[in-house]
Amino acid sequence: MQKLDPMNVKFIIRKNREIGGFVPIQMQVTLEGVRLFITTGQKIELEYWDVRSGRAIGKSQKIKVINEYLDKMRVDAYRVFNEMKSLGEEITPEDLRRNLTGRNEAKTKNSWKFAISSIQMLKSSLV
């Protein structure tokens, strides 16, 4: 018997929102069959995106930074989900979104602010 995972996280690009050759990357969270899209704030050239793996492809420093950022977001999503689950809270897609984006800071720390500032500092040092 196959056990269904109550939450799944993957990254997708929005081809219909291409600007200047770059497309935005979104995190798609599926929670008990309901999809939730959260922007990552990252953009990538279409040719450097692998749809199957949901990751940037290449060996440049910029690609590595993007993939590390996406890995951090994935880990944070599962961490927040598990924290909410362990507290016995009802987990709805909107509650999960609020906790992930820091709009519900009373219940969880917003570690994404630190991650975003770190990524921005790294990006500025690459330019």
Quickly run through region 25-40 and pick out the residues that are of a type outside the set (A, V, I, L, M, F, W, C), part of a strand (DSSP E or B) and exposed (fewer than 14 other Cβ atoms within 10 Å of the Cβ).
Arg35, Thr39
Hey, can you tell me all the residues within region 96-127 that are of a type outside the set (A, V, I, L, M), closer than 16 Å to Val9 by Cβ and modelled with pLDDT of 65 or more?
Arg97, Asn99, Thr101
Considering only residues of region 1-35 that are under 20 Å from Gly102 (Cβ atoms) and at pLDDT 90 or above, which is nearest to the chain's Cα centre (by Cα)?
Met27
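Just give me the residues in region 41-73 being in a strand (DSSP E or B) and among the charged types (D, E, K, R), in sequence order.
If the condition is that a residue be in a strand (DSSP E or B) and among the charged types (D, E, K, R), then Lys43, Glu45, Asp50, Arg55 are the ones that fit.
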Just to verify a result, which residue in region 74-92, among those that are part of a helix (DSSP H, G or I) and among the hydrophobic types (A, V, I, L, M, F, W, C), is farthest from Gly54 (Cα to Cα)?
Met84
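The values are calculated or read from the model by the stated rules, or taken from the named source; none is laboratory data. The structure presented is a predicted model; accordingly, all values stated were derived computationally and were not measured. Neighbour counts run over all protein chains shown; Cβ positions are idealised from the backbone, glycine included.
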